[in-house]
Amino acid sequence: MSIRNSPAQNASPASVEDSILDAARTCILDFGLRRTTLAEVARRAGVSRPTVYRRWADTRAVVADLMTREIAAVMPEFSAEESVHRQLVDAVVHVSTEVRDHPLFVKILRSDQELFTTYILERLGTSQRAIIDQVAVAVSAGQYQGSIRVGESRQIATMVLLIAQSAVQSAVMVAEELPGDALTEQLRRAVSAYLAPDVADHQPTTRGDR
């Protein structure tokens, strides 16, 4: 008698990982983060538990990669031909809005507050580092272009993350004062002003300043 492998077991490593992350996503949406186990993730993905454990040591690691993938999926591309400042502000607002309304993040935030604090607030996780990396590259490009203020690009990128993350996490708390569209507009203004070049950045250096 021959043994027939499941489609996931015969797939490429990349597609196997996507299948596992897809399964983790459905588990979290169905059960919440606290009740999601690697055994159930493996069962839904149609792979063995060792297949999952070889890639991720625990549920925390799977969720970190899942969140990184979900955020990366809504990150827009940047064009060197246009104002990087405008594109970056648009990107921050777009991603923040997508994450704020994303069913996965809403589920984690509303049903597992304690674990959400551990995953998101108490440490700089994989998804946050990925965002900082991408924003820092954009900041450097904007500085070269002259559309973004001078400063250490990773520090600026990290502050942009903090501004956006605060807006996402506090959206429900301030909904009465800042309903959806108003929050989006205020976030846009805050990020735009923070990234804008200082007047001094464009002032020519005089002999007395040297």
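Each reported figure results from applying straightforward, stated rules to the coordinates on display, with no laboratory input. For clarity, every value in this text was computed on a predicted model and none was experimentally measured. Note that each Cβ is placed from the backbone with ideal geometry, even for glycine, and that neighbours are counted across all protein chains shown.
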Counting other C-beta atoms within 10 Å, which of Leu88, Leu21, Leu162, Leu178 has the fewest, and how do the rest follow?
-> Leu162, Leu178, Leu21, Leu88
Note, ³J(HN,Hα) from phi for segment 165-175, Karplus 6.51, -1.76, 1.60, rounded to Hz, x at Gly and Pro | 5, 4, 5, 5, 5, 9, 4, 5, 4, 9, 4
Order of Leu124, Leu195 under a 10 Å beta carbon neighbour criterion, fewest first | Leu124, Leu195
Mean separation of Cα contacts under 8 Å (6+ apart) over length of segment 10-57, as relative contact order % = 32 percent
In segment 72-108, which GluC sites (Glu not before Pro) are in a loop and have at most 16 other Cβ atoms within 10 Å, using DSSP for the loop call?
-> Glu77, Glu81, Glu82
Ranked list, fewest to most other Cβ atoms within 10 Å of each Cβ, for His94, His85, His102 = His94, His102, His85
